[in-house]
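Working notes for the structure below.
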Amino acid sequence: MGWTIAEKILASHTNDGKAHAGEIVEARVDLLMVHEVLGSRILPILKEMGFKKVWNPNRVLVVNDHWAPASDINSAEIHRRNRNFVKEQGITNFCDVDCGISHQVLPERGLVVPGATVIGSDSHTTTYGAFNAFSTGLAATDSALILATGVCWFRVPESLKIQVTGELPYRVMSKDLILNIINELGPDGANYQSMEFHGSTIDSMSVGSRMTICNMAVEAGAKCSPMPINQDVRFWMEDHAPKKKWKEVESDADAEYVDVLHFDLEKEPLEPTVAPPDLPTNGKPVAEVEGVPIDQAFIGSCTNGRIGDLIVAAEILKGKKVHNGVRLIITPASKATYMEALERGIIKILMEAGGIVTNSTCGACVGGHLGVLGAGEVCISSSNRNFRGRMGHQDSRIYLASPATVAASALKGVITDPRRV
């Protein structure tokens, strides 16, 4: 029986070169990303362990992104502890509050390559599957162990194959696709599985669109979400990691999967999709929720704050005005994204339409700052989670959608099909 992508990558990082689904293996970690959880939870664990030195300061990325800049004294202290740790340990990869969101910054810095094991102290570390990596989020204790040793144990996940063919219709985005996929699976339909994405649709996608899909695979319970590389990924590696050596990993023709799901977009064309509160897996065609009044519209986060997302929003908003009473908040995923949007004139278009463009941060997405919701308020968001209280008050409500749907809704003041604008 052949091997899946997840099995092959983990096997290449073990001493005996073996990693079959269901087995427990100890694997080497190529890169560890830690954000504010370092200063809040990991450092106390390291102290209990008697920790002295990071296993390899060149293979750690520390990011201050969730409350950037610090929103209160507590977050300021966490950031201070992170900065001190970086200095004490000689960590070479540090992203302070002026840099951006971890899941965008890491690939921009060329720190992820095909075939790598990338671990993060954040559940949406599945994002790097877009680059043909085994990437997953782990809790504070496991992250502390990796900081000290550079290895971690894993139960090798079974794999679920997702085959997608056909073209995305007008103003339908990869966010709409993944909302449909996880809707079919449910919140635990891929629990501790590797969601392996294939097909002509995936092959033709931009890097940003691929990252959106892999980012949200965890909402169906996925452990990781590797994709075979495509031409866009090859170009990305040439631009962002030209000196790094890597080799793409492909699944074998006779690899064993727990299931294979087919999505044929020619036979069943995809529509703009919205996930009502309070689960990301609640996806419905936009027509079923069209007309719901909104107070806030948010475009950003590690899911949909990339340049392609901002371009789509600008195309819809150019020469128009956001509906009276609606707050449109736009958060580019990184400083580099922000700068490119400035150079292209996108920021000007968004602001002239009435949008509020913030610095790069997780703030609004996690209800930290720069977009917190009040009681009873409704937000349509391009982020990844709509759990109750996620963006502020427990009595606020969040609808998830693509940047196109968010922008169209901001114009009309109600949830709107972007194909109508």
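The values are calculated or read from the model by the stated rules, or taken from the named source; none is laboratory data. Quick caveat, the model's predicted, so the values are computed rather than measured. Cβ coordinates were reconstructed from backbone atoms using ideal geometry, including for glycine residues, and neighbour counts include every protein chain displayed.
Worth pointing out:
- Region 328-344, residues that are free of Cβ contacts under 8 Å to residues at least 12 places away in the same chain and not charged (D, E, K, R): 339, 342
- Leading residue by the ranking (surrounded by the fewest Cβ atoms within 10 Å (Cβ to Cβ)) among those in region 248-273 that are closer than 22 Å to residue 119 by Cα and in contact with a Gly (Cβ under 9 Å, 6 or more places away or on another chain): 248
- The lone criterion from (1) more than 23 Å from the chain's Cα centre (by Cα); (2) buried (at least 20 other Cβ atoms within 10 Å of the Cβ); (3) on the phi > 0 side of the Ramachandran plot; (4) not acidic (Asp, Glu) left unmet by residue 322 is number (3).
- When residue 246 is tested against (1) out of contact with any Ser or Thr (no Cβ under 7 Å at 6 or more places or on another chain); (2) in contact (Cβ under 8 Å) with a residue 40 or more places away in the chain; (3) closer than 19 Å to residue 164 by Cα, exactly one condition is not met: (3).
- Segments classed as strands (runs of 3 or more DSSP E), wholly inside region 88-139, with at least 2 members that are among the hydroxyl-bearing types (Ser, Thr, Tyr): 134-137
- Annotation: residue 141 fulfils all but one of (1) among the polar types (S, T, N, Q); (2) under 17 Å from the mean Cα position of the chain (by Cα); (3) surrounded by fewer than 19 Cβ atoms within 10 Å (Cβ to Cβ); (4) under 26 Å from residue 52 (Cα atoms); the unmet one is (2).
- Residue within region 300-313 that is under 19 Å from the mean Cα position of the chain (by Cα) and in a strand (DSSP E or B) present: yes
- The combined condition, being among the aliphatic types (A, V, I, L, M), surrounded by fewer than 21 Cβ atoms within 10 Å (Cβ to Cβ) and either assigned to a helix (DSSP H, G or I) or within 19 Å of the chain's Cα centre (by Cα) (or both), is fulfilled by residue 148.
- Per-region count, region 87-107, residues touching a strand residue (DSSP E or B) at 6+ places or on another chain (Cβ under 7 Å) and surrounded by fewer than 21 Cβ atoms within 10 Å (Cβ to Cβ): 3
- Count of region 78-122 residues which are free of Cβ contacts under 8 Å to residues at least 60 places away in the same chain and among the acidic types (Asp, Glu): 2
- Selected residue (criterion: farthest from residue 121 (Cα to Cα)) from residues of region 41-69 that are buried (at least 17 other Cβ atoms within 10 Å of the Cβ) and without any contact (Cβ under 8 Å) to a residue 40 or more places away in the chain: 64
- For residue 245: the one exception among (1) crowded, with 19+ Cβ neighbours inside 10 Å; (2) of a type outside the set (Phe, Trp, Tyr); (3) modelled with pLDDT under 95: (1)
- Residue check for residue 37: closer than 25 Å to residue 117 by Cβ, touching a residue at least 24 places away in the same chain (Cβ under 8 Å) and buried (at least 20 other Cβ atoms within 10 Å of the Cβ): no
- Within region 137-164, residues that are touching a residue at least 24 places away in the same chain (Cβ under 8 Å) reach partners that are among the acidic types (Asp, Glu) and part of a helix (DSSP H, G or I) with beta carbons closer than 7 Å, at six or more positions or on different chains, in the pairs 152/142; 156/7.
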